[in-house]
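Peer 1: Here's a structure for you.
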Amino acid sequence: MACAMRRRSLPRGCCLAAVLALAALASPRCLVASAAAEWHAVSVGSLLPGAACTAAEEASNSSSLRVVHRHGPCSPLHQSHGGPPPSHAEILARDQERVNSIHRKIAGGDYSESNKGSMSLPARWGWGTSLGINTYFVSVGLGTPARRLSVEFDTGSGMSWVQCEPCADCYEQQDPVFDPSQSSTFSAVPCSSNECQQFGSSLQHNCSSSGNNSSSCRYEVIYGDDSQTDGDLARDTLTLTDVTVVPGFVFGCGHRNTGVFGELDGLLGLDRYAASLPSQASATLGGAGFSYCLPSTSSAVGYLSFGGRRSAPANAQYTAMLTGKYRSFYYLDLVGVKVAGRPVRIPPAVFATAGGTMIDSGTAFTRLPPRAYAALRSAFARAMGRYRYKRAPALPYLDTCYDLTGVATVRVPSVALVFAGGATVTLDHSGVLYTWDNASQVCLAFAPNDDDTSMGVVGSMQQKTLAVVYDVANQKIGFGPKGCA
């Protein structure tokens, strides 16, 4: 039965306590539902990484790609090269490098189609032995016959690329390196093509001579940690699923690739740049839009779907997709935060002063303006203080931590992000707390920017289990609860 307040006449001079008591009698279910929505009762064990993959196999004709966490048990990379996971220090330092790279790119000025030498974000995490910590990847087919390749998908990058034979300087990857000579549909992108002018290297000499005396178009992407990929632009058939095939997809065939890319075979760019998969294949995919869901834990899987092949949730809430200083990013207007159902007191000028807010699949922890973060931290700590959970030492960038050793069930206040237009997105508890090996270090999964003018970032932690819809045609971004487990 829907909650409703019955109107009853009250005598003059009735005290406030009587009014509140009458309201409680009139709609007890409303009060119970409201209280439940404001707090999560979470098993502490569910906050820890699982040792076994819990995902069921999807049908071969599925219209979606499986999204897998790089370091989880569902990952073939984890299964074949199962070493120790990265440390807290590595996780946080690499994530901060990603954010610093975004801020440097914004400070560098507008992106234009002619400024191709700096078109992609710095490599996922600036140093280390793997491509990233909160890195998600999908498996796609390239060529005819299709060769299965594991590639990171990234809403902050445009150019898609894979390592290719002959490989003069390649890093070690999980799968055999893609060999163009084994694909009947492969072709080099010539220097005279429009794609070379749009996507090719900004270097003066962007054409290379191949063995058949024709010229092919060079590309080069240099990342913030000095990792780089360069080679020739090429076309080939991209097989996303059994029912989704993109002929003539333009990508980078990397012959010289150095740096920190882990064992993934390449990258799938999903930003708003013309070279990205959604932009290139909008006609084939039924529009330039796409949606995904990031799983709650590394032992589950999510999905990535293009065009209208997976319906948006009926209960999704939408906010405007904005264009910011760096036009290939996806911007939105974050205007507030709620904790335990109550708005956090943050002056509107705090968000207005910041350089906007982008949503990014490659950044792990959401970054807020310092004053907004301080208000969120205080409200969250006060709410957690009701249950007197033991505080734990702060981590770099994450300073609100708890020791939940010996606690079976933790009560976690809900956190919601409020966007312009009224969209209020309540986060899953997996997007509120961050933990790694054990319950002795469980932290609020938000961090502050260095200053109030830097752009905010909605990171992948806060997107967990949400169906995130990029409706490019209608210029809006949607969030639906319970998109995946």
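The values are calculated or read from the model by the stated rules, or taken from the named source; none is laboratory data. This is a predicted model, so every value here is computed, not measured. Ideal geometry is used to build each Cβ from the backbone, glycine not excepted, and the neighbour counts take in all protein chains shown. What goes into the accessible areas is simple: the full protein's heavy atoms, side chains included, and nothing from ligands, DNA or RNA. Shrake-Rupley method; radii C 1.70, N 1.55, O 1.52, S 1.80 Å.
Peer 1: Ordering Arg371, Arg66, Arg342, Arg386 by accessible area with a probe of 1.4 Å, largest first, what comes out?
Peer 2: My answer, sorted largest first, is Arg342, Arg386, Arg371, Arg66.
Peer 1: Students often check this: by mean Cβ neighbours within 10 Å, which of 292-302, 98-108 ranks highest, and how do the rest follow?
Peer 2: The most tightly packed comes first, giving 292-302, 98-108.
Peer 1: Over the stretch 284-383, average the accessible area per residue using a 1.4 Å probe and give it in Å², no decimals.
Peer 2: Accessible surface, normalised per residue, equals 36 Å².
Peer 1: On the first, second and third principal axes, largest extent first, how far apart are the outermost C-alpha atoms of the stretch 294-396 in Å?
Peer 2: The Cα atoms of the stretch 294-396 stretch 47, 38, 30 Å along their principal axes.
Peer 1: How large is the direction-averaged shadow of the alpha-carbon convex hull of the stretch 334-485, in nm²?
Peer 2: Result: a mean projected hull area of 9.4 nm².
Peer 1: Quick one: accessible area per residue over the stretch 414-462, 1.4 Å probe, rounded to a whole number of Å²?
Peer 2: Per-residue value: 25 Å².
Peer 1: Follow-up. Calculate the spin-label point distance for Arg345 paired with Ala146, positioning each point 7 Å from the Cα along the beta-carbon direction, and give it in nanometres.
Peer 2: 5.6
Peer 1: Using the Karplus equation 6.51 cos²θ - 1.76 cosθ + 1.60 (θ = phi - 60°), what ³J(HN,Hα) coupling, rounded to whole Hz, does each residue of the stretch 143-154 give in order, writing x for Gly and Pro?
Peer 2: Computed from phi, the couplings for the stretch 143-154 are x, 10, x, 5, 9, 6, 9, 9, 10, 5, 9, 9 Hz.
Peer 1: Report the FRET efficiency, 1/(1 + (r/R0)^6), for Asn438 and Ser192, where r is their Cβ-Cβ distance and R0 is 51 Å, rounded to 0.05.
Peer 2: Calculated value: 0.30.
Peer 1: Mean separation of Cα pairs under 8 Å and 6+ residues apart, divided by the residue count of the stretch 251-294: what relative contact order is that in percent?
Peer 2: Here the relative contact order equals 19 percent.
Peer 1: Here is a follow-up. With all protein chains present and a 1.4 Å probe, how do Trp161, Trp436 order by accessible area, largest first?
Peer 2: Trp436, Trp161
Peer 1: I need the calculated FRET efficiency for the pair Lys325 and Ala485, taking r as the beta carbon distance and R₀ as 35 Å, to the nearest 0.05.
Peer 2: The pair Lys325/Ala485 has a calculated efficiency of 0.45.
Peer 1: Further question on the same structure: Could you work out how far apart the two model spin labels at Tyr387 and Ser181 are, taking each label as a point 7 Å from the Cα in the direction of the beta carbon, and quote it in nm?
Peer 2: 6.2
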